[in-house]
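Reading through the structure tokens given below for one structure.
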2 protein chains.
Amino acid sequence: MREVYQSELELISQELAQMCTKVGRAMSMATRSMMDVDLQLAEAVIAGDEEVDALAHEIDDRCFNVAAQQQPVATDLRIVMSGMRMSSSLERMGDLAKHVAKQTRLRYPKTVLPPEVQPIFAEMGTLAEVIVTKTASVIVTRDLDLAPDVKRHDREMNRLHRDLFNIVLGPSWDHGVESAIDITLLSRFYERFADHAVTIVRRVVHIVSGEPYATISLEFPDWDA
Amino acid sequence: MREVYQSELELISQELAQMCTKVGRAMSMATRSMMDVDLQLAEAVIAGDEEVDALAHEIDDRCFNVAAQQQPVATDLRIVMSGMRMSSSLERMGDLAKHVAKQTRLRYPKTVLPPEVQPIFAEMGTLAEVIVTKTASVIVTRDLDLAPDVKRHDREMNRLHRDLFNIVLGPSWDHGVESAIDITLLSRFYERFADHAVTIVRRVVHIVSGEPYATISLEFPDWDA
């Protein structure tokens, strides 16, 4: 019984890491669909979001059942209670990847990205992947060494988000209001994607340290001291 | 002991309803700060978000402690596990109100809202208040009669969101790209605010009915049958 319990707790982390991989791949594909004006790829991301959602519900059920049947306390209780909230964040990250892909589809066969913003979105796509890869690693290993990295990447994402504002508001922008709005919303999807990763990593810090979630900052990794 | 336990469960719902009231008032004040170009009001919303966050953490602690000490099952376990997720949604709704207020501050002393979009934002503000009022009522009474209403208001919010797109993309828009971007982001904040309310109401349906959250639609209130 004890072994089943431990392996259920293990599975929660493993499935959360699987969700990371899925949403990372979805965001990467969504980015590529914009770059290459690839409708098929966009459709694959949109259809694939159901799998992300299904995995989220599997995790939620597992957390609920462990809580109901095993009455965990301390770290184990934090795993099941935070697990549900991490699955919510990851589900939302999947939605954001889907939103990006839908923008490719909406403008198809036109490109959604004017040439001058393409390098920034390429960078945002790469960053999104790096962030979820590190987030998955933090979830599975509970090694918090990578946590400040995730925060740093989030700041890089914010900088790119601001760079895009400067471009669409700059004097040389000649793609009109519709394109400016597209870029603004797309950029916000990447920025929110990174925010959710930070939230997830903070929840892992909470699981490991027991520190209240609200007071956890990834700026100064003093939980490591 | 049993009485303490029941009153703790009660308190979770009451505090969630309090959060509804707080974020509803915040969104209402934020809307008014835009309409009246009122910096002081905007600052009050921004500062007040800390209270919303503090209440969220109080709810989270309460949920955690009830789970750890009382080992609830069935409906009671759903209350504590969903309670934490509802507090996350409400915290996010508070952030969205703060984002609106920050936009007032950013453009101050200029108005952020050109005259032709003001009536729509006024309507969005009213709708946001109505939605959280009904959401609070659903949380406290667990009477699901109001649940389809919340979904209907969410659809109205989506319609207003689309109306704003049509205005900023229309031929008579002459306020430039920056203002179009402001309107787009602001409009999205209201739209997301309503989405979160729908999520919360779906969680109450889950608590009451035990139906898996994923399959709950507020479109056809068959849980009422």
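Each reported figure results from applying straightforward, stated rules to the coordinates on display, with no laboratory input. Since this is a predicted model, take the numbers as computed values, not measurements. Every residue, glycine as well, gets a Cβ built from its backbone with ideal geometry; the counts of neighbours run over all protein chains shown.
A few points about this structure:
- Segments A:135-141, A:116-122 sorted - mean Cβ within 10 Å per residue, highest first: A:135-141, A:116-122
- Residue among B:A26, B:A17, B:A68 with the largest mean-square fluctuation in a Gaussian network model of chain B, springs linking Cα atoms under 10 Å: B:A68
- Whole-number D in µm²/s for the stretch B:18-80 (Stokes-Einstein; Kirkwood sum over Cα pairs; 10 °C, 1.306 mPa s): 117 µm²/s
- Take each residue of peptide B:64-73, count the partner chain Cβ atoms within 10 Å of its Cβ, and average: the result is 4.
- For B:80-89, mean number of other protein chain Cβ atoms within 10 Å: 3
- Net charge of the neighbourhood of A:V130, taken over other residues with C-beta under 10 Å away and scored Lys/Arg +1, Asp/Glu -1, is -2.
- From most to least packed by mean Cβ count within 10 Å, the peptides A:194-201, B:173-180, A:103-110 give A:194-201, B:173-180, A:103-110.
- Taken over the protein assembly as shown, the convex hull of the Cα atoms encloses 146 Å³ per residue.
- Note on chain A: Kirkwood hydrodynamic radius from all Cα pairs is 18.2 Å, rounded to one decimal.
- Taking the longest Cα principal axis of chain B as reference, the axis of helix B:74-107 is set at about 20 degrees.
- For the residues of A:177-184, the average number of beta carbons from a partner chain within 10 Å of their own beta carbon is 5.
- Whole-Hz couplings from phi, Karplus 6.51/-1.76/1.60, listed for the stretch B:7-20; x for Gly and Pro: 6, 5, 4, 4, 4, 4, 5, 5, 5, 5, 5, 4, 4, 4
- Theoretical ellipticity at 222 nm over chain A - DSSP helices of four or more residues, -39500 (n - 2.57) apiece, nearest 500: -29000 deg cm²/dmol
- Principal-axis tilt of helix A:147-169 within chain A, Cα atoms, nearest 10 degrees: 20 degrees
- Annotation: aspartates and glutamates with alpha-carbon distance below 13 angstrom to B:K98 (same-chain offsets under eight excluded): B:E43, B:D49, B:E50, B:E51, B:D53.
- Between 0 and 90 degrees, the angle of helix A:39-70 with respect to the longest Cα principal axis of chain A falls at about 20 degrees.
- 3J(HN,Hα) from dihedral phi, the stretch A:131-145, Karplus parametrisation 6.51/-1.76/1.60, rounded to Hz, x for glycine, proline: 4, 6, 4, 5, 4, 4, 5, 4, 4, 6, 8, 6, 8, 8, 4
- Value of relative contact order over the stretch B:2-224, rounded to a whole percent, pairs C-alpha under 8 Å and six or more apart: 27 percent
- Intensity falloff of the stretch A:86-162 expressed as log10 I(q)/I(0), Debye formula with alpha-carbon point scatterers, at q = 0.16 Å⁻¹: -0.71
- Around the Cα centre of the stretch B:2-224, unit charges on the Cβ atoms of Lys, Arg, Asp and Glu (plus for the first two, minus for the last two) sum to a dipole of about 320 debye.
- Our Cα-only numbers for the stretch B:90-132 put the radius of gyration and Dmax at 11.6, 31 Å.
- The stretch A:158-225 and the stretch A:79-143: distance between their alpha carbon centers, rounded to Å: 11 Å
- With 5 Å bins beginning at zero, the pair-distance distribution over Cα atoms of the stretch B:84-213 amounts to 2, 10, 20, 20, 17, 12, 9, 6, 3, 1, 0 %.
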